[in-house]
Amino acid sequence: MATRTSAAQGILSADRADKRDEIIELLKTAYWMELETVMSYIANSVNPDGVRAQEIREALEEDIQEELGHAQQFANRIKELYGVVPGSLEFRAEQSYLQPPEEQTDLVHVIRGVIDAENGAIEHYNKVIEACDGADWVTQDMVIDILRDEEGHLRLFEGFLREYEAEGLA
Ligand SMILES: [Fe+2]
Ligand SMILES: [Fe+2]
């Protein structure tokens with residue numbers, strides 16, 4: 001789709017249309033991943049029961065706001081690249097590993113699910129950062145910041161898992 005652009009150079013210029021489209025598609029995927037993570041983290045910040053649940057619930061509650069902020073950043077960048085933020089009918093759920101466990105005291109299930117979600121985000125964002133290299137420094141810079149948040153989330157939940165493993169619970 002040809003968009004009339006006025007930028008003389010950089011990712012917004014007319015001759016970078018193909019690269020823009022490629023990056024917009026990657027950003028749409030990232031946008032959906034963040035929104036699905038928000039849904040999964042809301043559920044898992046409420047469902048868990050038991051004395052050990054509180055720490056996990058609070059950590060997820062904090063992450064919800066960060067992931068929502070990421071979704072908004074991806075949406076804004078899609079628009080800046082002359083794309084259109086997709087409507088909800090285009091959404092397809094993929095986080096099978098973050099569905100509620102059989103028992104709401106099964107925190108290891110939740111911890112492993114979060115680790116899977118964060119790993120998925122880290123993998124995709126590394127791909128976006130590489131696709132932007134030499135072509136779109138602004139998206140690259142934004143996604144590097146977001147990647148750091150996801151690495152922080154992963155590290156926190158790896159720490160939780162380590163404790164469970166040390167106690168023979170995972
Ligand atoms: Fe995120
Ligand atoms: Fe995250």
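Could you list, in sequence order, all residues of segment 53-72 that are among the charged types (D, E, K, R) and within 11 Å of ligand 2 (Cβ to nearest atom)? Listed by number, the residues that qualify are GLU62, ASP63, GLU66, GLU67. Considering each residue of segment 111-126 in turn, at least one proves to be at pLDDT 95 or above and more than 16 Å from ligand 1 (Cβ to nearest atom).
So in segment 57-83, with the set limited to residues that are open to solvent by 20 Å² or more (accessible area, probe 1.4 Å) and away from ligand 1 (no atom under 16 Å from the Cβ), which one is nearest to ALA17 (Cα to Cα)? The residue in question is TYR82. Flag set for GLN104, criterion: out of contact with any Cys (no Cβ under 8 Å at 6 or more places or on another chain) and of a type in the set (S, T, N, Q).
Selection over segment 58-94 of residues that are closer than 24 Å to ARG112 by Cα and part of a helix (DSSP H, G or I) gives a count of 14. State all residues of segment 113-139 that are away from ligand 2 (no atom under 12 Å from the Cβ) and open to solvent by 20 Å² or more (accessible area, probe 1.4 Å); if no residue qualifies, say none. Of everything in segment 113-139, those that are away from ligand 2 (no atom under 12 Å from the Cβ) and open to solvent by 20 Å² or more (accessible area, probe 1.4 Å) turn out to be GLU123, ASN126, LYS127, ILE129, GLU130, ASP133, GLY134, TRP137, VAL138. Taken over segment 13-57, the residue count meeting the criterion of being of a type outside the set (D, E, K, R), part of a helix (DSSP H, G or I) and farther than 24 Å from ASP149 by Cα is 2. Within segment 108-136, being free of Cβ contacts under 8 Å to residues at least 24 places away in the same chain and either assigned to a helix (DSSP H, G or I) or touching a Phe, Trp or Tyr at 6+ places or on another chain (Cβ under 8 Å) (or both) holds for HIS109, ASP116, GLU123, ASN126, ILE129, GLU130. Scanning segment 142-158 for residues that are open to solvent by less than 60 Å² (accessible area, probe 1.4 Å) and of a type in the set (Asp, Glu), we see that the one that is nearest to ligand 2 (Cβ to nearest atom) is GLU150.
The values are calculated or read from the model by the stated rules, or taken from the named source; none is laboratory data. Note that the coordinates shown come from a computational prediction; the quantities given were computed from them, not determined experimentally. Methodologically, a virtual Cβ is constructed for each residue, glycine included, from the backbone with ideal geometry; neighbour enumeration extends over all protein chains shown. The area values use the complete protein model at the heavy-atom level, side chains included, leaving out ligands, DNA and RNA. Shrake-Rupley method; radii C 1.70, N 1.55, O 1.52, S 1.80 Å.
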